[in-house]
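As structure tokens, the structure follows; a few thoughts come after it.
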Amino acid sequence: MKPGDAQVADGRGGYAALLLDLDGTVVDPKGQIRESTRRSIGALSDSGVRVMITTGRSVTGTEKVIEELGLEGTAVVFNGAGIWCPKERRLLEEQILAERVVDPVMDYAERAGHLVCVMLADSKFAPLPRDEIEEQTISGLQDVTIVDRAELPREYLMRITVFSREHASSLPLFEEISSVLRGPAYMTHFPLNMLHAYRESTMQVVDVHPPCRGKAEALRWLKDVEGIDPLRVACVGDATNDLPMFAASGLAVAMGDGMQEARDAADRVIGASDTDAIAELIAELFDVSI
């Protein structure tokens, strides 16, 4: 028996863990967590099933949600670049970007006139906004420190986020940034209006992370540290950054209002994030009533 097996309960389909994305999944389009979602997650965790948050958010953007959900187990943050322990309030694992990735990305953004936000484990920095569009974009970032562009940190970064108003979609921006890299990185891209705080934005986004497996790092952690086989893990998400965990899990579930790429890659599609779909899925897979 592997460590952790004795402490983990199984659901109806033999699932011992549930991975949950935040924005667009647990957190609805209004930035809220439905009461049915909150109660069902709490009941599932109390039953002994491992519930793990897997998010692209930073630590500062994740802490309050995990606290609201009452979860104490580790969570994946920064799209897999970090493993956060809410009980100890620290990163158990932390990967940082190499100089040969940071410098070309930052220099590219400067030449192109793109807004950037750089994130360390416990802090984030953005430059002084140059106009109303940048001011609105920066205002949606949590706990960000504003500095002169020349003072943006370039060491110990866990993510660089590049915002473009010049691109009609995020893929060309992704391709341009990929072409300037001089080292390995894991990147995700999406239209900013996917996030509830930016529904009216026309910005396109690329997040540049240290090389990792993305949210599939959650499956690696559960297997190596907690003894839970990936086939015994179900996961729920709504976007392209969820695809790595979709591919590695025993069951991949997409939200009905999520990105088409996520719905196409999932084993099944449930209701929208502003419905009781999460609670209903938990009741079905794990026989947990609230």
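The values are calculated or read from the model by the stated rules, or taken from the named source; none is laboratory data. As the structure is a prediction and not an experimental result, all values here were calculated from the model. Cβ sites come from the backbone with ideal geometry, for glycine too, and all protein chains shown count toward neighbours.
For the reader, a short list of remarks on this structure follows.
- Any hit, segment 153-161, residues being over 15 Å from Ser58 (Cα atoms) and hydrophobic (A, V, I, L, M, F, W, C): no
- Any chance Ser40 is at pLDDT 95 or above, in the same structural domain as Ala248 (by TED's automatic domain parsing) and out of contact with any Gly (no Cβ under 8 Å at 6 or more places or on another chain): yes
- Some residue of segment 175-182 being over 16 Å from Asp242 (Cα atoms) and surrounded by 22 or more Cβ atoms within 10 Å (Cβ to Cβ): yes
- Test: residue in segment 260-269 that is in contact with a Lys or Arg (Cβ under 8 Å, 6 or more places away or on another chain) and either closer than 24 Å to Glu93 by Cβ or touching a residue at least 12 places away in the same chain (Cβ under 8 Å) (or both): yes
- If the condition is being outside any helix (DSSP H, G or I) and within 19 Å of Asp23 (Cβ to Cβ), then segment 275-290 contributes Thr275, Asp276.
- Residue match in segment 168-176 (condition: touching a Phe, Trp or Tyr at 6+ places or on another chain (Cβ under 7 Å) and among the small types (Gly, Ala, Ser)): yes
- Selection within segment 145-174: residues that are within 22 Å of the chain's Cα centre (by Cα) and farther than 23 Å from Cys212 by Cβ. The member of this set that is surrounded by the most Cβ atoms within 10 Å (Cβ to Cβ) is Ser164.
- So Gln95, is it within 18 Å of the chain's Cα centre (by Cα), at negative phi and modelled with pLDDT under 95: no
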